[in-house]
Each structure stands twice: as structure tokens, then as C-alpha cells.
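**Student:** Quick one: the structure is below, questions incoming.
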Amino acid sequence: MATSAIVFFLGLGGLVILGQLQRVEISPWPAFYLHDLWMLFWAGWLTIVNSAKIKAVLKKIFQKKYLLVGFLLVWILVGWLVNFLIGDLSLKALFYAMRFFTYGLVFFWLGKAKYLKPSLIKFGMLGFGFWMLVWGLGQYLFLPDMRFLSILGWDDHYFRLVGTQFDPNFMGVIFVLLFLLSQTLTVEKKTKKIVLGLQVLLLLGLALTFSRSAFLSFFVSQVFFWRLQIKKYWPIVLLTILIFLIPKPAGEGVVLTRTASIEARLESSHQSVTNLNGWRWLMGKGLFNSTKDSYVNEMYTRADHATLPDNLVLMILEGTGIVGLMLTLIVGLQVFFYLNKKHPKANVFLVAVLVHAMFNNSLFQPFVFIVLGLSLISEIDS
């Protein structure tokens, strides 16, 4: 079983490295990634080999301490049902739900059955991250003008590292997670220099994204590490130096004081909230059934592929209403305090993504979700 888990893990890593290059769009179906199918097969395989444990798992889930989680799931299902009955539930919402349920199922069985050693996950992910970094640096050096991607529905970026994610913000937060992962490694003297070299390259890659939300995510996560007595100040110092020293030849995207994208996001968020009315304030439009309103201004045009609100809180409010948002906040705080007590380092990964998700809703970006999930498993099982 361990061998098959390693094969699935390596296969997933190879697909994640390819990023948006393995995106498949077949009209009228929602777009999907090849790694979605890979994760579906993996989830099915893990469920089959652990079929004897399913009854015990279900019995444990229905314990009193998971009552609020149960209420939240029921509320989400009711929201979907109501919107389905009035003919306002999209196929895309159900696809999103199936995608993240599948990912979650893989992470659950990996964490419970412990088929992969934490050190294997960490070193494996850093290896995958290295190749993502190579692609990203190569793109920045040899193809810095990525504005042609706007024709295919992506944001147009100029002199920013977008990598195989085609987006500097998501590429940036992935670099943040990988850097945090490198900080939790227990390495021998022989490998310390290699890890240090990778850390420097990750900071360089992060700086080249010019993603302010990723910078904030990184700074906040480092402060949380300081609280855990991991007093390493050089990463913040080096990143700050790199941000100011890296050439900024052209384009609005490399201007750290830019406001066009902020204004556009605020306008989009305002439109999303004002679209809620009547009973939808209570129940929402159905989780993942919400969509971003289109906006264009002189300096910024939103990508066609960005279908969910930029802000995680707004997405939950729009999808599940005020009741769903309150339940989510309560459950989220319970998870936060549990991890902070039992697995404080793992909590830092979650905090990093949640900070970033206030601006880019990165928690539900497929690649970020996978990197975060594997990071949490590797740290919790350590």
C-alpha cells in the first residue's frame, strides 16, 4: 500500500508542476485539471483499501463534538436544494463541491492511515516546488511579457513571475507555503546548505511575483513562527531587500503602490453584496454557486477564469448567507485554536493561506488547496 501511495504522490506532484498547462476545457462542461482525475482515482483507491474502517469513521464523525460541523454541512446542502428547486443552481457549483470533497477524502485517508512519511511528503513537495520555481524563473527571464494570456481569459502580466499558475498571486502563496515547509524540516548538516539555497531561491521567486497579498502572507506567517521561538529574521530582511532591489522596468503590476486592482476588487465585492436580497441574505445563493461580477476599468480587467469572489469571507456569505457565515466562523475558530494548541506549526500554514484568501480567495484555488492539505498532513503527522 505504501508503494502505491508513493506512486500516486509522485504522479500528483508531476501534474501540479505543470499547473495550468494541464487544464482541460470541454464546452459546455466546467473546466477541470488532469490532476482532478488523478485525485479521484486516488480517493477511490484509498476508500476501497480502507473500506473496513468506514463504519468506524462514520461512527466517530457523528459524535457530539462535531455537531456544529454537521449543522454547517446540512445548511450547505439545504442551500443547494433550495437553489436547485428554483432553477438557480449551476453545474459548476456541484463540480467545485465534488472537487474539494475528493481532495479532502485523499487528505483524510493519508492522515488517518499514514501511508506516506511526513519527511517524504516534505522533501517531495520541496522537490516539486523546485521545478515550479525553475519554470517560473525561466518564464520571468525569457518570457516576461505574459499579456498575451488575456486572449485566453487570464490576467495580463508584464515583468512578473507567473510560472505555470499563470498568476503571480497564486504562485506567490505557493512559494510562501513551500518556504514554511522548508522551515519545518529537520535536516542533517550535509543538506542544510541545499535547503538554504532553495530558501533563497524561493524568496527570489516570491519577490519577482510582486504580489502584495503574498508578501503580507509571508510576513504574518513569519511573525507566527517567531511566537513559536523560531527566531529567524533573515528571511524577512532578505525578502524586503529583494523587493526594493529587483528591477521594475515597466508595467503597472510592478508598482507596489498601485491602486487599480484594489479599486476593481472593491467594486466587484460591492456588486456581489448588493446582489444579495431578501431570503438570500439568510441562506445565500448556494456554496460555490456565487460568481464574480464582471468589471473593467482603465487600468485593470478581471480574468474570465476567476469565477468566485476575491474575498473568502464574501464568498461564504454570498454562498451560504449570514447563518452559514456565522457557522463557518465558529467552526473555523475551533479548528484554529485546536491546531494552535496541538500542532502550532501546522496552524501557521493555515494562517498564511487565510491571510492571502482575504484578497484572492486562494483557499479554494485547486493548487493552493493541494499544497496546503499536504503541508498540514506532513506537519500534523510529524
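**Student:** What does the convex hull of the Cα atoms come to per residue for the chain, in Å³?
**Tutor:** Hull volume over Cα atoms, normalised by residue count, gives 146 Å³.
**Student:** Right, something else. Place the peptides 330-337, 79-86 in order of packing, highest mean first, counting for every residue the other Cβ atoms within 10 Å and averaging per peptide.
**Tutor:** 79-86, 330-337
**Student:** Could you work out the relative contact order of segment 1-114, using alpha carbon pairs under 8 angstrom and six or more residues apart, expressed as a whole percent?
**Tutor:** Here the relative contact order equals 29 percent.
**Student:** Positive end of the charge dipole of the chain (Lys, Arg +1 and Asp, Glu -1 on Cβ, about the Cα centre): tell me which of ASN289, LEU196, SER217 has its Cα farthest that way.
**Tutor:** LEU196
**Student:** To continue, here is another question. Dipole size in debye (nearest 20) for segment 1-94 around its Cα centre, Lys and Arg Cβ +1, Asp and Glu Cβ -1?
**Tutor:** 620
**Student:** Classify segment 1-150 as rounded, prolate or oblate from the Cα gyration tensor: take a ≥ b ≥ c as the square roots of its eigenvalues, call it rounded if a/c is under 1.5, otherwise prolate when a/b beats b/c and oblate if not.
**Tutor:** Verdict is oblate for segment 1-150.
**Student:** Given a 1.4 Å probe and the protein chains all in place, what does the accessible area of ASP167 round to, in Å² to the nearest 10?
**Tutor:** For ASP167, the solvent-accessible surface is approximately 20 Å².
**Student:** State, as an integer percentage, the relative contact order of the chain based on alpha-carbon contacts under 8 Å between residues 6 or more apart.
**Tutor:** Relative CO of the chain lands at 21 percent.
**Student:** Compute the relative contact order of segment 321-382 as a whole-number percentage, counting only Cα pairs closer than 8 Å that sit 6 or more residues apart in sequence.
**Tutor:** That works out to 29 percent.
**Student:** Peptides 369-376, 198-205: what's the order by average Cβ count within 10 Å, highest mean first?
**Tutor:** The densest-packed peptide leads the list: 369-376, 198-205.
**Student:** What's the longest uninterrupted piece of the chain once you rule out the trypsin sites (Lys or Arg not before Pro) that are loop residues per DSSP with at most 15 other Cβ within 10 Å?
**Tutor:** Excluding the exposed sites themselves, the longest stretch runs over 233-382.
**Student:** From the cross-link list LYS60/LYS122; LYS55/LYS114; LYS55/LYS345; LYS112/LYS193, which pairs have alpha carbons spaced over 23 Å apart?
**Tutor:** Pairs exceeding 23 Å: LYS60/LYS122; LYS55/LYS345; LYS112/LYS193.
**Student:** Hey, if we sort TYR96, TYR33 by accessible area with the 1.4 Å probe, largest down, what's the order?
**Tutor:** TYR96, TYR33
**Student:** With a 1.4 Å probe and all protein chains left in place, how much accessible area per residue does the chain have, in Å²?
**Tutor:** Computed with neighbouring chains in place, this is 49 Å² per residue.
**Student:** Accessible area, 1.4 Å probe, largest first: how do VAL313, VAL254 sort?
**Tutor:** VAL313, VAL254
**Student:** Sort LEU339, LEU21 by accessible area with a 1.4 Å probe, largest first.
**Tutor:** From most accessible down to least: LEU21, LEU339.
**Student:** Oh, and also: Where the only charges are on Cβ atoms (+1 Lys, Arg; -1 Asp, Glu), what is the dipole of the chain about its Cα centre, to the nearest 20 debye?
**Tutor:** In debye, rounded to 20, the chain gives about 1880.
**Student:** Apply 1/(1 + (r/R0)^6) to the Cβ-Cβ distance of LEU238 and PHE95, taking R0 = 41 Å, and write down the FRET efficiency to the nearest 0.05.
**Tutor:** Calculated transfer efficiency: 0.50.
**Student:** Related question: Per 0.36 nm of contour for each residue apart, how much would the distance between ALA31 and LEU18 grow if the chain were fully extended, relative to their Cα-Cα spacing?
**Tutor:** Extra length from ALA31 to LEU18 when fully extended: 3.1 nm.
**Student:** If you take the Cα Rg of segment 137-190 and divide it by 2.2 N^0.38 Å, with N the number of residues, what do you get?
**Tutor:** 1.47
**Student:** Take the Cβ-Cβ distance between THR3 and VAL187 as r, set R0 to 30 Å, and report the resulting FRET efficiency rounded to the nearest 0.05.
**Tutor:** Working from the Cβ atoms, E equals 0.75.
**Student:** How fast does segment 94-202 diffuse by Stokes-Einstein, in µm²/s, taking the Kirkwood radius from C-alpha pairs at 4 °C and 1.567 mPa s?
**Tutor:** Diffusion coefficient, whole number: 81 µm²/s.
**Student:** Moving on. Using a simple spin-label model with points 7 Å from Cα along the Cα→Cβ vector, what separation in nm is obtained for LYS341 and ILE54?
**Tutor:** The two pseudo-label positions are separated by 3.3 nm.
**Student:** Okay, next question. Based on DSSP H runs of at least 4 residues, each adding -39500 (n - 2.57), what is the mean residue ellipticity at 222 nm of the chain after dividing by all its residues, to the nearest 500 deg cm²/dmol?
**Tutor:** -22500 deg cm²/dmol
The values are calculated or read from the model by the stated rules, or taken from the named source; none is laboratory data. As the structure is a prediction and not an experimental result, all values here were calculated from the model. Every residue, glycine as well, gets a Cβ built from its backbone with ideal geometry; the counts of neighbours run over all protein chains shown. Ligands, DNA and RNA are stripped out before the accessible areas are found, and what is left, the full protein with its side chains, is counted by its heavy atoms. Shrake-Rupley method; radii C 1.70, N 1.55, O 1.52, S 1.80 Å.
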